[in-house]
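Here is the structure we will look at.
Nothing in this text is a laboratory measurement; each read-out follows from the coordinates by a stated rule. The shown structure was predicted, so the numbers you read here are calculated from the model rather than taken from an experiment. All Cβ positions, glycine included, derive from the backbone under ideal geometry; neighbour counts span all protein chains shown.
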Amino acid sequence: MRKAMKLRIVFAHLLMAALILVVALVPNHRRNVADPTAFFVTIGIIEVLYLVALVHGRKQDPFPQGSTDITLCVWVLLLLWEIFGPVLGIAHNVLLPSPENVFNVFADHGGELALSVVSSLELLLSGFFFGTLFGVILGVICGWIPRLRAMFYPIANVFAPIPSVVFTPFLVILMPNYRLAAVMVILLGVFWPQFLSMILRVGSLPPAIIDNTRVLKVSNLTMITKIIMPYILPDILKGLRISLTTGFLMLMYAESFGAKSGIGYWISNANVFANYANIYAGIITCGITVTVLNYGSAWLQKRFTKWH
Amino acid sequence: MGSLSLRDLCFTYDEDLVKGVQHHRIAPDEVPGEKLVLKHLDLEVADGEFLCLVGHSGCGKSTTLRILAGLQKPIAGTIETNGNPIEGPGLDRSVVFQNYSLFPWMTVKKNVEFGIKQASIELSRGLSKGQMSDIADEYLTKVSMRKAADLYPYQLSGGMRQRVAIARALAMDTEVLLFDEPFGALDIKTRRELQMLMEDLWVSGRKKTAVFVTHDIEEALLLADRIVFMSAGEFRDEFEVSAPRPRVPEVYFETPEYKRMHAHLLDLFYKAEETKLDQADREQVFDGGATL
């Protein structure tokens, strides 16, 4: 088992070496851009990330299967892309530009891409922040007061499953500008599930814990800050992880209509000009952004729910 | 000072009756006896006395304790601590429950400090943060949990959790301590360890008034100054346990006095069981179905 894993790690590095060799040997006239530097840098970054994963996770697992397999997949994919593209020239060179081309976009338009991501994140996080805030506050209140719960729980059950993107046309008309409309779409998309989950969570506060707070004569303020907030926090953070991803999806969708900035706009704009290298670069940027967001929320979850 | 007294205490879970009595449509005396979970209970617990309430599950002993804790309201009768009527929960009493005595999101020490703080606020003791921390440490040491101060409840065994719950109740320095089958969910070995801990604490510390609910005969005989046996919502029997403390199980359990009391309690349990079965039979004949 260990020997097989060691072999796999060695194999991953051999594949990388092969990839670099192939890219270096391809004559320049075969690809659309002359300079493969950006591609080499990308390969370098992936390799560094892999090595970090190997060294960092050494204590738990000296031969991590997951990251090795992922890295193997990436090398195989890039190698096939390189071979079918520039080397053999089989792939359609408009629909599937060479990897050198795609990664060169990051070198040439890195700043623009970064600004697009920032613009998208502004919308995402503000919609997200207010959606979560209202969802939590109203959800806790409605969960705590039986009469409100009886009224709003069925209502929330109707609204929560409706994708908020269906409201986009109305919101675009109702809101003063496009950005606010996009924020509203995300806000609504985040609000209902969070609201629903808070109603359920507060309603499920164990009677034994309530007894315990009663015999300790816990005041209302202490009840909220020391008992209810910590009790619901794990669910807020769990909801955060799921709705961050769906929020990002909704934003991508919203940005492909009428936006003038953002990563969704970048992709749809590149689509208009059939600039496929830019489209691929945009998609890769999306993937990186979502991954970073996921890691961030996982870290938050771990940091604030030590008691689970 | 921490005496407790119950006078003519009645309780029912039947909501119509509770409302009827509240709105003076029914006089408490008119409530039919078979609807009462607690039937006209009278009890005096002296200051510093350790009283064990013993009985079958469903006999009303936990309900009695919940009323003493202020978590349930009786439909008739009065409860007093030191002559002051009990209207609801209060920090002259602290409670150790069977489960969930600790908040899962607070560390062991924070849990104890939280209790101390609540008692300090309510009783205007004006303790500083440092003092509260010192008190928490002191009591955690007493229950041998000082080393676990920074752990969360999920990291502890059931026995350790109850140790911390006991430490919290003691650290709150209330006049009366109420225990609702605190060792009911523990295995025999841990149970015995905690019983010995209680015995140590009671022998070494200042004597506190305690009401301890259990269905474990050995436990009651080991801990109690006095035992009250309950069945079907009534106090059926009571007797003093005058064996000297500290009571060492290996020696104490061999004494004729212990054996006599043990046999007596066992007898009470069997008799209560028989009447319960009789009653169930009769109710089945009359109602065509089992009721509470």
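Observations, loosely collected:
- Qualifying residue in segment A:250-265 (condition: touching a residue at least 60 places away in the same chain (Cβ under 8 Å), aromatic (Phe, Trp, Tyr) and within 14 Å of another protein chain (Cβ to nearest Cβ)): no
- Entry remark, segment A:186-229: residues being in contact (Cβ under 8 Å) with a residue 12 or more places away in the chain, within 12 Å of another protein chain (Cβ to nearest Cβ) and part of a helix (DSSP H, G or I) number 4 in total.
- Looking across segment B:1-48, the residues that are farther than 21 Å from B:GLY70 by Cβ and outside any loop (DSSP other than H, G, I, E, B) come down to B:ASP16, B:GLY20, B:ASP29, B:GLU30, B:GLY33, B:GLU34, B:LYS35.
- Every residue from segment B:163-206 that is farther than 18 Å from B:ASP137 by Cβ, in contact with a strand residue (DSSP E or B) (Cβ under 8 Å, 6 or more places away or on another chain) and not polar (S, T, N, Q): B:GLU175, B:VAL176, B:LEU177, B:LEU178, B:PHE179, B:ASP180, B:GLU181, B:PRO182, B:PHE183, B:GLY184, B:TRP202
- Whichever residue in segment B:49-88 is of a type outside the set (A, V, I, L, M, F, W, C) and part of a helix (DSSP H, G or I) and, among such residues, is nearest to B:VAL228 (Cα to Cα): B:LYS61
- Pick from segment B:235-265, criterion surrounded by fewer than 15 Cβ atoms within 10 Å (Cβ to Cβ) and aromatic (Phe, Trp, Tyr), ranking: nearest to B:ILE217 (Cα to Cα): B:PHE253
- The test for being in contact (Cβ under 8 Å) with a residue 24 or more places away in the chain, of a type outside the set (D, E, K, R), away from every other protein chain (no Cβ under 14 Å) and surrounded by fewer than 19 Cβ atoms within 10 Å (Cβ to Cβ) does not hold for B:LEU223.
- Scanning segment A:151-186 for residues being under 20 Å from the mean Cα position of the chain (by Cα) and within 16 Å of A:ILE242 (Cβ to Cβ) gives a total of 3.
- So A:ARG214, is it closer than 23 Å to A:GLY143 by Cα and within 16 Å of the chain's Cα centre (by Cα): no
- Considering segment A:139-151, the residues that are without any contact (Cβ under 8 Å) to a residue 60 or more places away in the chain and surrounded by fewer than 19 Cβ atoms within 10 Å (Cβ to Cβ) include one that is farthest from A:ILE227 (Cα to Cα), namely A:MET151.
- Single condition A:PRO234 does not satisfy, out of (1) within 11 Å of chain B (Cβ to nearest Cβ); (2) out of contact with any His (no Cβ under 9 Å at 6 or more places or on another chain): (2)
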